[in-house]
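Working notes, beginning with the structure itself.
The values are calculated or read from the model by the stated rules, or taken from the named source; none is laboratory data. Everything numeric in this text was worked out from a predicted model, so none of it was measured. When we count neighbours, we look across all protein chains shown, and the Cβ atoms used for this are built from the backbone with ideal geometry, even at glycine.
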Amino acid sequence: PMAKDRIMSVSDPLSVFNFEDYMADKGKQVNQALIKAIPLKHPIAIHEAMRYSLLAGGKRVRPILCIASCELVGGDEAVAMPMACAMEMIHTMSLIHDDLPCMDNDDLRRGKPTNHKVFGEETAILAGDALLSLAFEHVAENTNYVSADRVVRAIAELGSAVGSEGLVAGQIVDIKSEGKEVSLKELEFIHLHKTAKLLEASVVCGAIVGGANDGDVERVRKYARSIGLLFQVVDDILDVTKSSEELGKTAGKDLVSDKATYPKLLGLDMAKKFAGDLMAQAVEELAYFDPAKAAPLYHLAKFIYNRDK
Ligand code: GRG
């Protein structure tokens, strides 16, 4: 009940906040900045492939989280924009590499043929590498009105979120556990690294360049970790409920497939309860901030919690 009260206390004064308009507006700003960040220059072959995946749509959740977090602590959108673009560049490169034949071997992403299907494997690998490198260059070159100390801290945070203690850690443990029994602890490790780390870096880096103090940085970090895990728990629940809807059965494909998921390890009801707990935890971290300023992050959490696809 306490967590529920807190949800209400954060959400109530904010009935005027229009989340759809907010997402559309910020998404537009991010897309414009991304288009500018990668001109179609020589060598065309690589820049074309980078732009193809980066500009292929996507909800832009990470850049918007980065900007919302910067604004929460009093920074301007423009201050966070290079960092926000870097988040989407890294997210996109992780999708390009994840889709490769040697990884998940997917043909479609964001409703379009995957990068390697269009440009070939060599180009897709290089496009991913170039996006990863550009992300750091872009932040270092374009972040204005922020002390060098803060930019360096944010860059270090981002590096650790991507490498062998971040996304790559999640991906390697996921790959190595294929076909094996996975414990709840291992499943949590995979999701905290594959998904939550970059969401965490997005809000933490947004807060750092926005001028946050250490306490606020840690508060938004906890918020992001909860929504990162929430993202995945909801994904797993949707996998079950969607496929059971499609099949007209009570058990969805994930209850019968090899892949470890939260509904499989916890049962569907407990997985739903876990999602509710994570949502409440995320919102609890926001209760410390001015409700009006925390509205975007509150609604982003709710969006992740309530999404149905
Ligand atoms: C990062 C150096 C480096 C290498 C890549 C392949 C890999 C290592 C990691 C895999 C990361 C991965 C695919 C994680 C899943 C992330 C996830 C939750 C994707 C879906 O995100 P959405 O729903 O997608 O935000 P859109 O398309 O809306 O952006």
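Numbers below:
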quantity: Subset of the range 60-88 that is touching a Phe, Trp or Tyr at 6+ places or on another chain (Cβ under 9 Å) and either of a type in the set (Ser, Thr, Tyr) or under 20 Å from Gly228 (Cα atoms) (or both) - its residue that is nearest to the ligand (Cβ to nearest atom); calculated: Val61
quantity: Scope the range 28-51; condition assigned to a loop (DSSP other than H, G, I, E, B) and over 24 Å from the mean Cα position of the chain (by Cα); matching residues; calculated: Pro39, Leu40, Lys41, His42, Pro43
quantity: Boolean, Lys185 is more than 16 Å from the ligand (Cβ to nearest atom), surrounded by fewer than 22 Cβ atoms within 10 Å (Cβ to Cβ) and without any contact (Cβ under 8 Å) to a residue 60 or more places away in the chain; calculated: yes
quantity: Boolean, Met93 is touching a Ser or Thr at 6+ places or on another chain (Cβ under 6 Å), surrounded by 21 or more Cβ atoms within 10 Å (Cβ to Cβ), closer than 30 Å to Ser177 by Cβ and at pLDDT 95 or above; calculated: no
quantity: In the range 201-239, the residues that are farther than 13 Å from Tyr262 by Cβ, within 13 Å of the ligand (Cβ to nearest atom) and without any contact (Cβ under 8 Å) to a residue 60 or more places away in the chain; calculated: Gly228
quantity: Subset of the range 116-133 (residues that are without any contact (Cβ under 8 Å) to a residue 60 or more places away in the chain and under 23 Å from the mean Cα position of the chain (by Cα)); calculated: His116, Ile125, Gly128, Asp129, Leu132, Ser133
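For every residue, the table says whether it meets (1) surrounded by 18 or more Cβ atoms within 10 Å (Cβ to Cβ); (2) more than 18 Å from Ala224 (Cβ to Cβ).
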site	(1), (2)
Asp129	no, yes
Phe136	no, yes
Thr143	yes, yes
Ala148	no, yes
Val152	no, yes
Ala156	no, no
Val168	no, yes
Val173	no, yes
Gly179	no, yes
